[in-house]
Amino acid sequence: KIVSMAMPYLGTRYRSGGASPSGFDCSGFTMYLYAQLGYSLPHSATAQYRNCGYAVAKADLQPGDLVFFSDGSYPASHVGIYVGDDQFIHASSSYYNGHCVVITSLSETYYNNHYLTARRH
């Protein structure tokens, strides 16, 4: 359900600190969507990684799972929502990805190299 709820936001602009349809950062996007289902997530990828749901192996990913990445600056520096078929939807701050909500492959070099874990509610 969360995946279908996320799709209309494709192309929504990235905004640092954003947690609404006027602009999202990565954890603001996941926080906003999960709130629609009654889950209270913190506005921080690291806090979501540390405090939300339970760990799921990459091989067992299901649509709706939170996927986390780390570039070394924080325990978790980025979060998105797995949509299936090795892809996830996320608010990307990268100009390469359009500086907006996009769908990206987990196999893309950067995300494959920085993959941390996944968590499920």
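The values are calculated or read from the model by the stated rules, or taken from the named source; none is laboratory data. Computed from a predicted model, the values in this text were never measured in an experiment. Every residue, glycine among them, receives a Cβ derived from its backbone with ideal geometry; neighbour counts consider all protein chains shown. For the accessible areas, the whole protein counts, side chains as well, though only heavy atoms, and no ligand, DNA or RNA atoms are used. Shrake-Rupley method; radii C 1.70, N 1.55, O 1.52, S 1.80 Å.
What the table shows:
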| item | result |
| --- | --- |
| Residues satisfying the stated conditions in the stretch 75-121, i.e. under 13 Å from residue 25 (Cβ atoms) and free of Cβ contacts under 8 Å to residues at least 40 places away in the same chain | 77, 94 |
| Residue within the stretch 111-120 that is charged (D, E, K, R) and open to solvent by 50 Å² or more (accessible area, probe 1.4 Å) present | no |
| Residue satisfying all of: in the stretch 53-69; crowded, with 18+ Cβ neighbours inside 10 Å and under 13 Å from the mean Cα position of the chain (by Cα); farthest from residue 115 (Cα to Cα) among these | 64 |
| Filtered residue count, the stretch 70-88, keeping only those that are open to solvent by less than 10 Å² (accessible area, probe 1.4 Å) and aromatic (Phe, Trp, Tyr) | 1 |
| Of all residues making up the stretch 27-62, the number that are polar (S, T, N, Q) and either without any contact (Cβ under 8 Å) to a residue 40 or more places away in the chain or not in a helix (DSSP H, G or I) (or both) | 6 |
